[in-house]
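The values are calculated or read from the model by the stated rules, or taken from the named source; none is laboratory data. Everything quoted here is computed from the prediction, not taken from an experiment. Don't worry about glycine lacking a Cβ; one is built from the backbone with ideal geometry, like all the others, and counts go over all protein chains shown. Just so you know, the surface numbers come from the protein's heavy atoms only, side chains and all, with ligands and any DNA or RNA stripped out. Shrake-Rupley method; radii C 1.70, N 1.55, O 1.52, S 1.80 Å.
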Amino acid sequence: DPDDLDTVLNMSEMLISLEEIQEAKDILETYLRVHPESSSVQDMLCKISASDAGGDTLRNHLSGPLVSVIVPTYNRPDMLEKAIASILAQTYTNFEIIVVNDCGRDVGELVQSLNRLNNITYVRHGSNRGLAAARNSGIKLARGKYIAYLDDDDIFYPDHLGTLVGCLEQNEYQV
């Protein structure tokens, strides 16, 4: 039944596994026209778009727009290390990381030890100015077409940036 969500998703996954990507997109887009509220179909279309934008090939070379990932931090070096590691493990590789220390414990050496690709900028506020000010400091330094935020106590899944860039580049979303 083409109106049954599970059938549409299963059929699309099967077509994708057979590399019939356009056919899968057509089925999903047809379903979405009738059921525009379906977030699972929107998610699958975004994943296909990320794949179209380079998906796995992005792991091997820099292509696509630069993404600036801003990471505000304050006195959580162990969590910060995990957050940065999750960014460095992205399948989409055209990103810069901007760590903004809001006058917490100095984590400059930690950041430098993770900066093997020379794509991490570290700045430290002279006084504690709060989360919004830390993010704004990161924005001022950002060079990317897109900006993503990651708090120091969180992580990205490996395909997070690729999915976001794929959706934004392959669709007519206004950001």
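General observations
- The residue of segment 39-80 that is modelled with the lowest pLDDT, among those that are part of a helix (DSSP H, G or I) and open to solvent by 80 Å² or more (accessible area, probe 1.4 Å), is Arg59.
- Members of segment 81-115 that are without any contact (Cβ under 8 Å) to a residue 24 or more places away in the chain and either surrounded by fewer than 16 Cβ atoms within 10 Å (Cβ to Cβ) or more than 20 Å from Arg143 (Cα to Cα) (or both): Asp106, Gly108, Glu109, Gln112, Ser113
- Leading residue by the ranking (modelled with the lowest pLDDT) among those in segment 156-175 that are outside any helix (DSSP H, G or I) and buried (at least 17 other Cβ atoms within 10 Å of the Cβ): Asp159
- Some residue of segment 119-134 being of a type in the set (S, T, N, Q), within 30 Å of Lys25 (Cβ to Cβ) and outside any loop (DSSP other than H, G, I, E, B): no
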